[in-house]
1. Extension gain residue 432-residue 115, at 0.36 nm per residue separation less the Cα-Cα distance, in nm?
2. Hey, of [x] 93, 55, 43; [y] 92, 90, 62; [z] 83, 44, 43, which did the structure itself give for Cα extents along the principal axes in Å when calculated?
3. Sum up the charges of everything whose Cβ sits under 15 Å from the Cβ of residue 421, counting Lys and Arg as +1 and Asp and Glu as -1, but leave residue 421 out.
4. Report, to the nearest 10°, how far helix 368-380 tilts away from the longest principal axis of the Cα atoms in the chain, using its own Cα long axis and a range of 0 to 90°.
5. If I fit a long axis through the Cα atoms of helix 207-226 and take the longest principal axis of the Cα atoms of the chain, what angle between them do I get, 0 to 90°, rounded to 10?
6. What's the FRET efficiency of residue 182 with residue 418 using the Cβ-Cβ distance as r and R₀ = 56 Å, to the nearest 0.05?
7. Using only the heavy atoms of the protein chains and a 1.4 Å probe, how would 173, 459 rank by accessible area, largest first?
8. Sequence-distant or interchain residues sharing an amide H contact under 5 Å with residue 456, placed H: which?
Amino acid sequence: MALALVILLPGPRERAGRIVLEPIVVGRTPRLVGTNAGHWLPTTGMRTWLSDSGFNAVRIWASVGRLRPSIASPVSPIGEEAAFDRARAVVLASPHANPYVDWPAYEASFATVSTGAGSNHYALDFAVADARASGMDVVLNLTPSPSDMDGATDAYPWPSSSSARWAWWLHCFVVAYHLNVDQHLGVRYFEIDNEPEARLAHHPGAEVGYASEVELAADALRRVAALSPGSEVSVLAPVAERPDSPLVSFLLQAVPGAIDAIAYHRYHPDPDLHAAGIPTVRATERGTGTADHPIFVTEWGTSPRKVDPRYDENRLTTALLDARIMRAYALAGVEALLQFKFERTWGDAVGLLAVEDSGEHRIGAPTHAYFAQRMLARAMAGGHEILQTSEPGTPLEVLATRLDPAHVIVTLINSDDIGWRLSVDTTLLARNAEATEWLLDAEHDDTPVGSGVDASRPFAVAIPPMSIVQLDLHDPAGPVSGYSPSAEGSAYTAIPWTSDSHLRSW
């Protein structure tokens, strides 16, 4: 008899819930959503895949280690600060006609593909130009090479001698001048160094050298912007490995004028710990008496180690985790969110697309995480309004974003092995909306599974176990009734919003 009851009584394989979208703005999505670039050659098809991805930004490296031209000897050695100042003045007065810059050597290095072992294969000129032609913003990383600098030691691995300071300033100036003045590519975001804490460990006081590095780079970049009317640059620092890095507070106090935005990296399989970094940075800013800076997450991933089979991006569980992390950062209020690696190469488990490890590095075979990130990118990239929703209940996670007055995307992430039957009510937003439904699960890679759904009244949506369902809502009659962002008394209400309040509401 007991066995019969077990057979006859249905198990809890589906939950019921209701979600209401309200015309209340509770935040904005990241303005930039993208990835760290991998192999970028004319043969890879990188532009095609990026255009499909929904991303609008890429991070590209222009470090000293990638670009090592043979610099012509200066007229006089840069052995003191006065000589540094004289050389700087000469270069600024005539960037192309001076004895300090070997332009043919630099231009050759910009056009040459780096093919070193373990290095992404691309030429700086081609990668940046291709990204900008695709409408992508570029976050350009500038990192010195301590081994090349006079006077650098393990305890002080920064440009310290006048000659090393000059070489670093000149590198930053020449790279920015070439891309923005000579090539007119409009690169705005420059990130100074990469995880410098690894070189600061066990060397108290060495952070002063990093502050000098940031200040020198900022000066060079702003000088280039001044030589290109109408252009502007944003300096990102410090590129810390964690949001509570002591570098953040140190630089905010030591060289506040040099920093336009704060960048950091985070690797962890817990979305809450990712997003908790944002109020941590905000608390540091309050503690140092400085204004809020835009926050750029320039590397993020699920794995605490960069290669970990448990977080293979081809697994649906990883795809769902990636989506949850992206949502958490959107609610926390970051300015930019750049995933760690676009391509999986040399047999590792990290990356959104597989690449042939051959001379041509052709891209193919997108992972589940690629499709998950594409779903979130098209709903987030561009700094869109996040709308308030009623909460159907954990573990279902919701993100509603308004792309324009007549276009709303609702993303529903179900990382559980139990499905949902959800009633969706968008009647507060639109008069006559229609919905297209997209699905990512074990069998559908971000596939449209229904279109023309009448959303002018509450409608039902099935959320399968372990899936993302995205509802693309359009009002063919035009803007949402009464919605007018520029007019007083508009139909929506913007409420005070801080990342802290959202963290408490999860």
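The values are calculated or read from the model by the stated rules, or taken from the named source; none is laboratory data. Note that the structure is predicted; figures quoted are calculated from it, not measured. Cβ sites come from the backbone with ideal geometry, for glycine too, and all protein chains shown count toward neighbours. For accessibility, only protein heavy atoms count, side chains too; no ligands or nucleic acids. Shrake-Rupley method; radii C 1.70, N 1.55, O 1.52, S 1.80 Å.
1. Extending this stretch completely gives an extra 108.6 nm.
2. [x]
3. -1
4. 90 degrees
5. Orientation of helix 207-226: about 90 degrees from the principal axis.
6. The computed FRET efficiency comes out at 0.45.
7. 459, 173
8. Counting only residues 5 or more places away or on other chains, the set is 433.
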